[in-house]
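The values are calculated or read from the model by the stated rules, or taken from the named source; none is laboratory data. Computed from a prediction, not measured in an experiment: that's the story for all the values here. Backbone-built Cβ (ideal geometry, glycine too); neighbour counts: all protein chains shown.
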Amino acid sequence: MAQTQLPLPPYRLPVDAIQESAQSNLASGLSTTEANHRLQIDGPNELPAAPPVPGWIKFLRQFTDPLTVLLLCAMGISLLAWFIEGESGLPYETITILIIVLLNATLGFMQERRAEEAVAALQAMSAPTASVLRDGEQQAIAAREVVTGDILLIEEGDTLPADARVIESISLRVAEAALTGESAPVSKDPQPIQEEAGIGDQENMVFSGTAVTSGRGRALVVATGADTEIGRIAGSLHATQDEPTPLQKELAKVGHFLGRSVIAIALVMGLTLLWIYRAELSLGHFVAILMFSVSLAVAAVPEGLTAINTIILSLGMARMAKRNVIVRKLNSVETLGSTTVICSDKTGTLTRNEMTVRSVIVAGERVDFSGIGYEPSGTLHQQGQPLSDPVRDAVERALHTAELANNAKLIEQDGRWSIQGDPTEAALIVAARKAGITRAQLDARYTRIGEVPFSSERKMMSTAQLDIYHAGHIRMTSKGAPDILLSRCTHEWIDGEDRPLTPERRTAILTSIEDLAQEALRTLGVAYRLLHRDALTGNLCEEHENEMVFLGVIGMIDPPRPEAAAAVAEARAAGIRPIMITGDHQITAAAIAIELGIVEKGAHAVTGAELQRMNDKQLRQTVKTCSVFARVAPEHKLRIVTALQAEGAIAAMTGDGVNDAPALKKSDIGVAMGITGTDVSKGAADMVLTDDNFASIVAAVEEGRTIFANIQKFLRFLLSSNIGEVFFMFFGVLLAGVIGLKPESGLGITVPLLAVQILWVNLLTDSGPALALGVDPVDHDVMRQTPRDPRTNIITPAMWLDIMLVGIIMAIGTLAVTDWVLPGGLIPGGTGNMARAQTMAFNTLVFYQLFNAFNARSETRSAFHGVLRNGWLWIAIAIAILLQIAVIHLPFLQTAFKTEALTAQEWVISIVTASSVLWLMELKKLYLRRQ
């Protein structure tokens, strides 16, 4: 029953008819059993998606890479040479190249699959949720599990998961621009519409994918998935492919540059050799020259470049998820390393988000509360003394009112107390329980009949209740910012009666607000008004929020998170300026900021009102020095982040509300709150914090910097190793006569290394060690460096110098070993043949690259610093050494790779020579550190 079967469209029918057709219950919703049954029949509440690509197609895609095509060409040339030359036995070189190509393809396939699984896991963690009524209780479920007949419980900031008929609306307004193109939010009303209406005029319907901008309500789901309005529009459209990130584009450019350069070199060398051997050119010569050209191209291009980059980013994202950060967009990982400013909300991000009422001021008297958190245990006292009866009566009346103007719930389960709803409202309920007021007492006396919800613009909320003790009146209760509420009051409650609010008393109340704020307490005012029944003919509205009786000021605190101060200090050490942006009072904001170390003692906060009076130029000057903004509205965040960016800052911005979305989109990194954040804010953000914790943002920056540093490590390793191979091959041919590298009878021409040997070198180094460098553990020193300039390339000029220097060292050492083996070179005493010289060069080049893996871990720091921290690198190198030993000493692999067993002396010379890259680069690093 994916689509409720009705005689008329849902918007034209009364709610009862739709309820009956949907076989649902407005009071208790569906049962869990029935909901699961419908989910089995109708399928998940998802839009049509592209069918998954079969694994075999993904595997075949690995062979479309230009380099792989080049390897297949090499295999074909090798097979042709074997066939023409009529060699006996199997074509071992061809078989070996084929095996290596298959291994490369398998590695790429596995890495791609692992990356997809990591991203899928993160997507599941950040999947949208919906609040529904099931089995008579409110439940949060995945949006994909919503079924027809479910009762949606809708709140401001929700993204609606399905098409539904409104059955209750309390100032409910929905932005439907995604469907209708109309920018203004639409007010919703449950009354049926008699005539036919377009989507934009169906005021009693809410639609999948639209966002609730204000108010709350309930709605009965009538369509899910492809049957929704947005599902019909989507039709057969599939998800668009992600655009490559700047880093991926840069890596692709590097790969293409290397490929083009080396292919050009290979062509030049091939043509040169053809010219040299033109007089005696035979098919053997031609095949050998082709194989050399292919070998040179293979030597230069790091096969694992793209695959390893993808897997490193995916593993990094998974590591971030373990630190409570879900990365929604890959490019934010790159941007994290450049972040210079973190604009953070205060409540819940820098603080615990467990509001606790500390003090209440009523009729000029201060009452303090003991106890913290949501457990309703504690005492009330006046300077350590019990309360007098008039003061107790005034406190109870204030808390009584605060709980009525309240939508939170306090829940006890297994002896543990938790809340459902806003922490500020929950703190008021806890305080009411400490004062002896129970929910049962309120429910027995009052019935809510109206509400004007809180909004960031109004900074207050009100509810209307029928009072069985005063049948002829309606009791309106309000809470909100004390200064806003006080401006709407004409009386105050003192000694059991309403008294006119004099200018002197207004001044005294404002002073008490300031006193509480000086203690970093958040202040909230409470007031009430009695309305005649006749005065409320329709819904409660803002016009009724006047001529109220002021009851008191409540001071509460959301204590800083224990880890927040350390995170702020770490951010500042990393060259990142934390900025607090809050709706709280400026004195409270400044006090918390000073305590956390965001600003120095004596600093003040810029208020939203001050910010409003500034032009853009003035604001740009202000954001240079001010790090605390208080009493700001969400739209001010957009101006702040725009001003910061105009001053050259790379800004991260946190947010949780609907109105935060523009600022989150505008910022370089939008950070949404996973616990308190709305679906709209999460959709606009680049990252989502699962714990709403500022320390997690700093941890994300650290992880982002680490990921970027690791990518530089494996690039330094891969490129320097491959450049070393190219230099060796290139100069090995140019200097063949000098080092004794001469063709033997029947060989045509002689190359320093065979194509199959180069392939093996690249397979060993482009897989395990390179990937291990990409997951190097977090080095906390990255947070002692200044933010990276986003305009700089990932491969800096200094890195290119290192890459070229390492390549030269490798080439010289490997050429020297080759010369040592062969007779007739610069180094006397050589007695080996070509096969032995190639084996020594092959082995030395492998160990050069293994030593280089340690060297590549840092541009300036010693390779021996934290050398045991990366266990994966040691495992990868151990496996590479065992495989290399096998290739040189196992007979069937000797045949495949054209190697000879080496003596112990030759092993020592090979390894000692290869270690030169480590020692020489250590001397260079020592020089740089001293500079």
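Observations
- Answer from A699, A736, A770 - the residue that is surrounded by fewer than 24 Cβ atoms within 10 Å (Cβ to Cβ) and in a helix (DSSP H, G or I): A699
- All positions within segment 858-873 that are free of Cβ contacts under 8 Å to residues at least 40 places away in the same chain and assigned to a helix (DSSP H, G or I): G871
- Qualifying residue in segment 390-411 (condition: more than 29 Å from S455 (Cβ to Cβ) and without any contact (Cβ under 8 Å) to a residue 12 or more places away in the chain): no
- Residues of segment 577-601 that turn out to be of a type in the set (D, E, K, R) and part of a loop (DSSP other than H, G, I, E, B), as a count: 3
- Count of residues meeting criterion [assigned to a helix (DSSP H, G or I), crowded, with 16+ Cβ neighbours inside 10 Å and not charged (D, E, K, R)] in segment 18-39: 6
- Only one of L619, L611, L638 that is in a helix (DSSP H, G or I) and under 22 Å from E514 (Cβ atoms): L611
- Close pairs from segment 741-764: first more than 14 Å from T839 (Cβ to Cβ), partner among the small types (G, A, S) and modelled with pLDDT of 75 or more, Cβ under 6 Å, at least 6 apart: L764/A880
- Output for segment 597-608, where each listed residue is surrounded by 12 or more Cβ atoms within 10 Å (Cβ to Cβ) and of a type outside the set (S, T, Y): G597, I598, V599, A603, H604, A605, V606, G608
- When the helices (runs of 4 or more DSSP H) confined to segment 399-514 are screened for residues that are in the same structural domain as V549 (by TED's automatic domain parsing), under 27 Å from E635 (Cβ atoms) and not aromatic (F, W, Y), those reaching at least 3 such residues are found at 423-434, 482-487.
- Against the criterion of being within 21 Å of A589 (Cβ to Cβ), surrounded by fewer than 18 Cβ atoms within 10 Å (Cβ to Cβ) and either assigned by TED's automatic domain parsing to the domain that holds A593 or in contact with a Ser or Thr (Cβ under 9 Å, 6 or more places away or on another chain) (or both), R613 qualifies.
- If you filter segment 780-812 down to residues that are closer than 28 Å to N843 by Cβ and of a type in the set (V, I, T), you find that the one that is surrounded by the most Cβ atoms within 10 Å (Cβ to Cβ) is V806.
- Filter result for N833 (among the polar types (S, T, N, Q) and farther than 25 Å from V733 by Cα): no
- The residues on offer are L596, L664, and the sole one that is under 26 Å from E334 (Cβ atoms) and at pLDDT 85 or above is L664.
- Restricting segment 348-398 to residues that are part of a loop (DSSP other than H, G, I, E, B) and touching a Gly at 6+ places or on another chain (Cβ under 6 Å), the residue that is modelled with the lowest pLDDT: E354
- Taken over segment 785-812, residues that are farther than 15 Å from N855 by Cα and acidic (D, E) amount to 1.
- Any hit, segment 816-824, residues being at positive phi, among the small types (G, A, S), over 40 Å from the mean Cα position of the chain (by Cα) and modelled with pLDDT under 90: yes
- For segment 401-452, the tally of residues that are more than 21 Å from R533 (Cα to Cα) and either in contact with a Phe, Trp or Tyr (Cβ under 8 Å, 6 or more places away or on another chain) or not acidic (D, E) (or both) stands at 33.
- Residue selected from segment 875-892 under the condition surrounded by fewer than 15 Cβ atoms within 10 Å (Cβ to Cβ) and touching a residue at least 60 places away in the same chain (Cβ under 8 Å), by the criterion nearest to G774 (Cα to Cα): I875
- The residues in segment 90-139 that are at pLDDT 70 or above, in a helix (DSSP H, G or I) and more than 34 Å from the chain's Cα centre (by Cα) can be counted, and the count is 6.
- Restricting segment 586-629 to residues that are without any contact (Cβ under 8 Å) to a residue 12 or more places away in the chain and hydrophobic (A, V, I, L, M, F, W, C), the residue that is farthest from V341 (Cα to Cα): M614
- For the residues T839, T844, T895, the requirement of being of a type in the set (S, T, N, Q), surrounded by fewer than 20 Cβ atoms within 10 Å (Cβ to Cβ) and part of a helix (DSSP H, G or I) singles out T895.
- The condition (being out of contact with any Pro (no Cβ under 8 Å at 6 or more places or on another chain) and closer than 20 Å to G538 by Cα) is satisfied by just one residue among R458, R499, R506, R475: R475.
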